[in-house]
1. Tell me which residues come under 5 Å, amide H to amide H, from Asn52 once H is placed; ignore anything under 5 positions away on its chain.
2. For region 100-111, in order, what is each residue's ³J(HN,Hα) by Karplus, 6.51 cos²θ - 1.76 cosθ + 1.60 with θ = phi - 60°, in whole Hz (x at glycine and Pro)?
3. Which of rounded, prolate, oblate describes region 87-156, given a ≥ b ≥ c as roots of the alpha-carbon gyration tensor eigenvalues and a/c under 1.5 marking rounded, otherwise prolate only if a/b is larger than b/c?
4. For Glu86 and Gln220 in the same chain, what is the full-extension length gain: residue separation times 0.36 nm, less their Cα-Cα distance, in nm?
5. Amide H of Val47 versus every other amide H placed in the peptide plane: which residues, excluding those fewer than 5 positions away on the same chain, fall under 5 Å?
6. Using just the alpha carbons, could you tell me how many Å³ per residue the convex hull of region 25-80 encloses?
7. In nm, what is the difference between 0.36 nm times the number of residues separating Asp150 and Val57 and their Cα-Cα distance?
8. How far apart, in nm, are the 7 Å Cα→Cβ label points at Asp33 and Lys106?
Amino acid sequence: MSARTASTRATLWAVVLGLLLLGGCATQAPPYDYSAFLKARPTSLLVLPPLNESPEVTATQGVWSHATRPLAEAGYYVFPVTLVNETLRENGITTASDAHGIPAQKLREFFGADAAVYLKVTQYGSSYQVLASETRVVVEGRIVDLRSGDLLWQGQAMASSAEQRQQNQGGLLGLLVTAVLQQIVETAMDASYNYAGIADQRLLGAPRYNGVLPGPRSPQAGKVPGP
């Protein structure tokens with residue numbers, strides 16, 4: 001090997017290594033600022049009906065029905081969805097947008113919760129794209145202290161059927177047939193409901209880096225998870 005070839009290869013490896021290091025840095029999100037969360041130390045959470053920006057009318061209920069479990073498992077007292085729904089309806093609140101518009105102080109008076117969880121569904125449902133069919137749920141969330149009105153935390157999570165799909169080896173025709181069948185099956189079985197549960201767990205489960213902090217009933221209460 002000539003000195004020029006060795007030098008060229010060394011330079012290429014240095015460039016590749018640099019790009020890998022830059023890529024690693026780019027994918028690592030900076031740590032969330034939990035100062036407001038740690039100061040507020042909420043013990044009870046009220047999960048409001050999620051806003052729905054998707055075309056699927058079932059998105060609100062699908063995401064809402066799964067949202068309390070990960071928070072309860074994280075160590076918080078979480079008001080049951082049925083109780084929240086009935087209380088809101090008794091007070092003339094019948095839509096998610098109306099619920100989200102209630103002032104924090106009023107929510108505190110209604111329920112006595114320390115903080116409220118505001119969710120928004122931006123994607124929900126199955127889509128057919130010629131060679132692939134995908135069921136995707138994307139949920140955004142934020143937690144607001146009902147005593148002070150301060151934002152304690154916010155984040156986003158996604159779950160998709162494409163994550164675990166094995167590569168199809170049947171050629172173009174096989175891809176087309178598989179995509180059609182997946183669309184039919186996932187729509188008929190309301191697969192979005194199951195992926196809503198996964199998205200909620202990723203968004204609200206704890207401990208998780210940059211996620212919701214563990215609650216007071218958790219052995220890891222007060223600890224900020226690392227990456």
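Each value in this text was obtained by applying a stated rule to the coordinates, not by laboratory testing. The shown structure was predicted, so the numbers you read here are calculated from the model rather than taken from an experiment. Counting neighbours? That spans all protein chains shown, and the Cβs are built from the backbone with ideal geometry, glycine included.
1. Val121
2. For region 100-111, the Karplus curve yields 5, x, 6, x, 4, 5, 5, 4, 5, 5, 5, 10 Hz.
3. Oblate is the answer for region 87-156, as a/c is 1.5 or above yet b/c matches or exceeds a/b.
4. Details: separation 134, 0.36 × 134 = 48.24 nm, distance 3.31 nm.
Full extension from Glu86 to Gln220 adds 44.9 nm.
5. Correct list: Phe79, Val117.
6. Residue-normalised Cα hull volume stands at 141 Å³.
7. This chain segment gains 30.4 nm when fully extended.
8. Simple spin-label model gives 3.0 nm for this pair.
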